[in-house]
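So the structure is just underneath, and the comments pick up after that.
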Amino acid sequence: MELDTMAVAVVFLPLIAAIITGFFGRALGDRGSQVTTCGALLIAAGLGILVFRDTLALAQPQIIPLFRWVVAGGVDVTWSIRLDTLSGVMIMVVTVVSSMVHIYSVGYMAEDKSIPRFMAYLSMFTFFMLALVTANDLLQLFFGWEGVGLSSYLLIGFWYDRPSANAAAIKAFIVNRIGDFGFSLGIFTVFWVFGTLSFPAIFAKAASAAGTTYVFLGLHIDALTLASVLLFIGAMGKSAQIPLHTWLPDAMEGPTPVSALIHAATMVTAGVFMVARMSPLFEYAPQALVLVAVIGGTTAFFAASIGMAQNDIKRVIAYSTCSQLGYMFVAGGVSAYSASVFHLFTHAFFKGLLFLCSGSVIHALGGDQDMRHMGGMWRKTPITYITMWVGALSLSGIPPFSGYFSKDTILDAAWASGTAAGRYGWVLGTVAAFMTAFYISRLMFMTFHGKPRAGEEAMHHAHESPWVMLLPLIVLAIGATILGAWLYNDFVGAGRDAFWKAAIFVLPGHDTLAAAEGVPGVVRWLPLGLAVAGIGTAYLFYVWDPGLPVRLAQQFRVMYLFILNKWYFDELYDLLFVRPAVVIGDGLWKGGDGMLIDGLGPDGVAAVTRDLSRQASRFQSGYLYHYAFVMLIGLVGFVTWYLFPR
């Protein structure tokens, strides 16, 4: 099969499966819907691997035009599929992880009443993500960008009979709209500067547009810096970077397969992909790169600190996602885009694995997600236990697991950049390495080790998941174990130039990966040492002396409550934005709409008419002289109107 045909099939197979299952799910039934969607995704995954292989042989990006899409004003957009190494990597990651999530969902959602709808949503989500990563222009990328936002809203709020799920879905939608507003302004700015939305045209003109300024409110603003910052604001929302991160932990209200799909390889990595794709723009906007690195480093530290105190097993992993995305943006901020995508790649496997393993534990305990109710689960779920340790060690950055190769490369590049923003990212990222190993080991020890705390009945019924759920865990565990070492040389090693070709652009003076080869030994090995210390500290706290965390929490109660309550960001936003918005809305509703518009409008007219009718009805007394009086008044009125000068 030719590359063009395989690429088109990869992108549109999930859409076809979503349409068939969405519209004909009742006729297909639960099993038919599962077979349709899982079969389509498995075929897409197989073809996606072949597409990735074939893109490596391309000397230049291959553009596959499909149909003319938008023609309006100065915009003429053709829906095309862009194939290069970057899109090839993303196609493989999205299809493989999504296919595993689809298969896993067969077991996890077996008792749900709306299986066809759920499977259709998963496939639709996958299509929009594939449309995003294969886009050849900003408009098609924006289409996929908004599509995954819509799909995430539907998936997070899938159990719509739960108020918490509805609230989480709305929160995710609104917070992402804030970022997407900035993203749309960034697209407008790019069109204003370059006169086109096509990637090849933008990238060809980027160097000549460097230094272009325009005057706004008396200020001379660099056009590429403005465009890059606005685009990055969109990435902050989609990839849950501080301060637009608050939606991500609440997204745990959706089913666990949704958490794995959103948090592993798809929606949250869209911002990282976009920064890498737009590298020719960001390279000529150094101030924007500083912002990217600072926001990434801050998020890596901030989210890791919160994960240390959370008790919901899925929320711990959710904050881990925030933190790891911060690492990816640190890499992007120091021009190590290939290291950023490398960590995106390894993260997809070990984070998808961790979420699916947590779902296996939740499934075994009948839906309980509180780690304080767990303990001793390794005897009941041995395969889940082993595979989850693979994910945990990879996340912690312990060799030979994949996370070690990608995360340490990012920290080396951050140090080697020699910039203040890079060193800031390195310091916070190195400290976060300790916290990461601590919180994920804490999760493992609280869940699988120690005495069972779930109660006799719950432990009696606890059991290993069915094979339809375990097989995806094994596949992802293999990826989390071997892919980092296997692909290290191609992604970030000596073979990176031949691997990436024209897919990623780095100015000669910004090649931090080359500089990273000469970092001091203490810089290279400190993150690993801190990760091992984090695992040891978690063992001390939750296995050796389980009473120690309680004593420390009591002694440092203010700090404990600070991180337990997520740095009080939700409370702060509630105070600054939600409550004022409610007050303003309430005032406009009762004062503006109720009193003014309705009072003087429909309600006022109706009230006057009703009062006049009530007064007129008093003349309906049955006495002739009352009727004669009314007739006389009417006659006087007509004569007066006739005689009054006009």
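The values are calculated or read from the model by the stated rules, or taken from the named source; none is laboratory data. Treat the numbers as computed from the prediction; the structure is a model and nothing was measured. So basically every Cβ, Gly included, is an ideal-geometry build from the backbone, and we count neighbours across all protein chains shown. Heads up: the accessible areas ignore ligands, DNA and RNA and are worked out on the full protein's heavy atoms, side chains in. Shrake-Rupley method; radii C 1.70, N 1.55, O 1.52, S 1.80 Å.
Within the range 360-376, is even one residue free of Cβ contacts under 8 Å to residues at least 40 places away in the same chain and either of a type outside the set (Lys, Arg) or more than 30 Å from Trp415 (Cα to Cα) (or both)? The answer is yes; a qualifying residue exists. Among the candidates Thr36, Thr78, the residue that is assigned to a strand (DSSP E or B), hydroxyl-bearing (Ser, Thr, Tyr) and either without any contact (Cβ under 8 Å) to a residue 60 or more places away in the chain or touching a helix residue (DSSP H, G or I) at 6+ places or on another chain (Cβ under 7 Å) (or both) is uniquely Thr78. Look at Leu473 and say whether it is part of a helix (DSSP H, G or I), in contact with a Cys (Cβ under 7 Å, 6 or more places away or on another chain), open to solvent by less than 40 Å² (accessible area, probe 1.4 Å) and in contact (Cβ under 8 Å) with a residue 40 or more places away in the chain. Yes: the conditions hold for Leu473. Flag set for Trp159, criterion: open to solvent by 10 Å² or more (accessible area, probe 1.4 Å), of a type outside the set (Gly, Ala, Ser) and either touching a residue at least 40 places away in the same chain (Cβ under 8 Å) or part of a helix (DSSP H, G or I) (or both). I'm trying to understand the selection: among the residues of the range 63-81, which are open to solvent by less than 30 Å² (accessible area, probe 1.4 Å) and in contact with a Lys or Arg (Cβ under 9 Å, 6 or more places away or on another chain)? Within the range 63-81, Ile64, Val77, Trp79 qualify. From the list Val106, Val101, the one residue that fits, being open to solvent by 20 Å² or more (accessible area, probe 1.4 Å) and in a helix (DSSP H, G or I), is Val106.
Within the range 353-361, does at least one residue satisfy the condition of being farther than 17 Å from Met446 by Cα and in contact with a helix residue (DSSP H, G or I) (Cβ under 6 Å, 6 or more places away or on another chain)?
First, the residues of the range 353-361 that are farther than 17 Å from Met446 by Cα: 353, 356.
Still in the list and also in contact with a helix residue (DSSP H, G or I) (Cβ under 6 Å, 6 or more places away or on another chain): 353, 356.
Yes - at least one qualifying residue is present in the range 353-361.
Going by the structure shown, is Phe301 open to solvent by less than 10 Å² (accessible area, probe 1.4 Å) and of a type in the set (A, V, I, L, M, F, W, C)? For Phe301, the condition - open to solvent by less than 10 Å² (accessible area, probe 1.4 Å) and of a type in the set (A, V, I, L, M, F, W, C) - is not met.
Being at pLDDT 90 or above and of a type outside the set (Asp, Glu) narrows it down to one of Ala72, Ala44, so name that one. Walk me through how you get there before you give the answer.
Details: Ala72 fails: at pLDDT 90 or above.
Exactly one residue qualifies, and that residue is Ala44.
When Ile504 is tested against the conditions (1) in contact with a helix residue (DSSP H, G or I) (Cβ under 6 Å, 6 or more places away or on another chain); (2) in a helix (DSSP H, G or I); (3) more than 27 Å from Val101 (Cα to Cα), the lone failure is (2). Looking across the range 450-470 at every residue that is among the charged types (D, E, K, R) and surrounded by 14 or more Cβ atoms within 10 Å (Cβ to Cβ), the one that is modelled with the highest pLDDT is identified as Glu464. The set of residues from the range 476-519 being within 18 Å of Gly397 (Cβ to Cβ) and loosely packed, with under 14 Cβ neighbours inside 10 Å comprises just one member, Trp486. Scanning the range 153-177 for residues that are more than 15 Å from Asp250 (Cβ to Cβ) and hydrophobic (A, V, I, L, M, F, W, C) yields one hit, Leu154.
Would you point out which residue out of Ala7, Ala44, Ala40 is under 28 Å from Phe350 (Cβ atoms), of a type in the set (Gly, Ala, Ser), out of contact with any Pro (no Cβ under 8 Å at 6 or more places or on another chain) and open to solvent by less than 20 Å² (accessible area, probe 1.4 Å)? Step through it out loud before you land on a result.
On the way: Ala44 fails: out of contact with any Pro (no Cβ under 8 Å at 6 or more places or on another chain); Ala40 fails: out of contact with any Pro (no Cβ under 8 Å at 6 or more places or on another chain).
After applying the criteria, what remains is Ala7.
In the range 496-516, the residues that are in contact (Cβ under 8 Å) with a residue 40 or more places away in the chain reach residues that are open to solvent by 40 Å² or more (accessible area, probe 1.4 Å) with C-beta atoms within less than 6 angstrom, at least six apart or across chains, in these pairs: Phe499/Asp490. Out of curiosity, is Trp192 open to solvent by 70 Å² or more (accessible area, probe 1.4 Å) and either touching a Cys at 6+ places or on another chain (Cβ under 6 Å) or aromatic (Phe, Trp, Tyr) (or both)? So Trp192 passes the test.
For Val292, the conditions (1) open to solvent by less than 10 Å² (accessible area, probe 1.4 Å); (2) farther than 15 Å from Gly422 by Cα are fulfilled apart from (2).
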